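Trainee: Below you will find the structure I want to go over with you.
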């Protein structure tokens, strides 16, 4: 059940992921842009993604990214019930090219996997100049249709889930905001000065001396 990752394997581009469908419904997105190779199978200790179906082998297949061809390849690792791209069953232990938007599945499992790139609305808009930001519906990468919105939302969810798994607590990102709020409260309190004598007592004393000097002059 051990798979030797080929020498041509390399890290995929950022954002490469799989859409997982059950029937016609998108149920999950799996990020596959951090490793050269991802394993699929029933054994949770040996695989990156678990296929919970009796027709699937303990270590069923591998998805490998070719660093020179910049393409993904799917490899059936001698499974009993096969790995399929579309309706075509793969030859065992032979890397088969997996184009973007290709659909594949394992054994008799009804879960369908689709290879996807990073959502284009996000990638294409980030480097644009201000002059191109006024495109209707495409401002700052906003999706134009409800389908694109759902896709982008699911992608961001998968991406955020990966960040959470890295062990970065949300609290570490919040203290700067709390400090700014505390400072603003203290600053406002210091500005609420009603009596100037509390700041400079000499103001009050000098005023009293003036009144004392003026009164005798009026009597004379």
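The values are calculated or read from the model by the stated rules, or taken from the named source; none is laboratory data. Keep in mind it's a predicted model, so treat the numbers as computed, not measured. Glycine gets a Cβ as well: all are built from the backbone with ideal geometry, and neighbour counts include every protein chain shown.
Trainee: So is residue 68 assigned by TED's automatic domain parsing to the domain that holds residue 95, loosely packed, with under 15 Cβ neighbours inside 10 Å, more than 21 Å from the chain's Cα centre (by Cα) and modelled with pLDDT of 95 or more or not?
Mentor: Details: assigned by TED's automatic domain parsing to the domain that holds residue 95: yes; loosely packed, with under 15 Cβ neighbours inside 10 Å: yes; more than 21 Å from the chain's Cα centre (by Cα): yes; modelled with pLDDT of 95 or more: yes.
Here the answer is yes, as residue 68 does meet what is asked.
Trainee: Then there is this: Could you count how many residues in the range 19-36 are assigned to a strand (DSSP E or B) and either touching a strand residue (DSSP E or B) at 6+ places or on another chain (Cβ under 7 Å) or more than 18 Å from residue 53 (Cβ to Cβ) (or both)?
Mentor: From the range 19-36, those assigned to a strand (DSSP E or B) are 19-22, 25-31; that's our starting set.
Subset that is either touching a strand residue (DSSP E or B) at 6+ places or on another chain (Cβ under 7 Å) or more than 18 Å from residue 53 (Cβ to Cβ) (or both): 19-22, 26-31.
Total meeting the criteria: 10.
Trainee: Give me the strands (runs of 3 or more DSSP E) completely within the range 85-154, filtered to those with at least 3 residues that are within 20 Å of residue 70 (Cα to Cα) and at pLDDT 95 or above, ordered by residue number.
Mentor: Working: elements: 96-98, 103-106, 111-116.
The qualifying strands (runs of 3 or more DSSP E) are 96-98, 111-116.
Trainee: Restricting to the range 50-75, count the residues that are part of a loop (DSSP other than H, G, I, E, B) and within 18 Å of residue 100 (Cα to Cα).
Mentor: Within the range 50-75, the first condition is being part of a loop (DSSP other than H, G, I, E, B), and the residues that meet it are 51-60, 67-70.
Narrowing further to those that are within 18 Å of residue 100 (Cα to Cα): 67-70.
Total meeting the criteria: 4.
Trainee: So residue 47 fits all but one of (1) surrounded by fewer than 19 Cβ atoms within 10 Å (Cβ to Cβ); (2) outside any strand (DSSP E or B); what number is the exception?
Mentor: The one condition residue 47 does not meet is (1).
Trainee: Also: Considering each residue of the range 10-26, count those that are surrounded by 12 or more Cβ atoms within 10 Å (Cβ to Cβ) and closer than 10 Å to residue 111 by Cβ, and give that number.
Mentor: Final tally of qualifying residues: 3.
Trainee: In addition: With respect to residue 115, determine if the residue is in contact (Cβ under 8 Å) with a residue 60 or more places away in the chain and either within 16 Å of residue 16 (Cα to Cα) or in the same structural domain as residue 13 (by TED's automatic domain parsing) (or both).
Mentor: On the way: in contact (Cβ under 8 Å) with a residue 60 or more places away in the chain: yes; either within 16 Å of residue 16 (Cα to Cα) or in the same structural domain as residue 13 (by TED's automatic domain parsing) (or both): yes.
Yes; evaluated as a whole, the condition is true for this residue.
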